[in-house]
Amino acid sequence: MEIVDYADRELMAIDVANRLAGELRAALSHRERVLFAVPGGSTPGPVFDALCAAQIGWDSVDVLLTDERWVRPDHPRSNTRLVRERLLVDRAAAARLLPMYQPTDTPDAAVARVTETIAPHLPISVLLLGMGEDGHIASLFPGADRLEEALA
């Protein structure tokens, strides 16, 4: 494991974006299409702002959220909205978003459809995980009910 200490958040966002761009380029040198999994929430926005202008074969990149709130994609708290507004712009507008949200009453009712959408694009080539202030990663909260099921 490498721990990097940054002088400020802006430098961190630029460096992480550069590292992700390098990883995506490397993955594309071995595969025709790659799957890039990203978190939602407030933390990755500045990284997306820097990454979206990177010179990558974005038209060969599929983007998948690692988590999504069960709200419509135009809702202010939607992670899909965040990705569309902050990552899938500029050069990265050529990437394809694999939607996680489906118009169903509950997330459980959409599991089969989401699985069908994602499965043909696996495995994940590049993964960015965010961590919430409470220590949660990808909406997996420490001590939550059904945590073992989610990890499986």
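The values are calculated or read from the model by the stated rules, or taken from the named source; none is laboratory data. Here the structure is a predicted model, which is why all the values come from computation and not from measurement. A quick note on method: Cβ atoms are made from the backbone with ideal geometry, for glycine too, and the neighbour counts reach across all protein chains shown.
Here are the numbers for this structure:
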item	result
Residues satisfying the stated conditions in the range 13-27, i.e. surrounded by 16 or more Cβ atoms within 10 Å (Cβ to Cβ) and without any contact (Cβ under 8 Å) to a residue 60 or more places away in the chain	ALA13, ILE14, ALA17, ALA21
Residue that is over 21 Å from VAL16 (Cβ atoms), over 13 Å from the mean Cα position of the chain (by Cα) and free of Cβ contacts under 8 Å to residues at least 40 places away in the same chain, where the choices are ASP59, ASP90	ASP59
Verdict on ALA109 being over 15 Å from LEU128 (Cβ atoms), out of contact with any Pro (no Cβ under 7 Å at 6 or more places or on another chain), outside any strand (DSSP E or B) and modelled with pLDDT of 95 or more	no
Subset of the range 120-142 [at pLDDT below 90 and either β-branched (Val, Ile, Thr) or assigned to a loop (DSSP other than H, G, I, E, B) (or both)]	LEU129, GLY130, GLY132, GLU133, ASP134, GLY135, HIS136, ILE137, ALA138, SER139, PHE141, PRO142
Answer residue from the range 45-93, given it is among the charged types (D, E, K, R) and in a loop (DSSP other than H, G, I, E, B) and is nearest to ASP105 (Cα to Cα) among those	ARG72
Filter result (small (Gly, Ala, Ser), assigned to a loop (DSSP other than H, G, I, E, B) and farther than 14 Å from GLU85 by Cα) within the range 9-44	SER29
Counted residues, the range 48-68 - those being buried (at least 18 other Cβ atoms within 10 Å of the Cβ) and either at pLDDT below 95 or closer than 16 Å to SER125 by Cβ (or both)	11
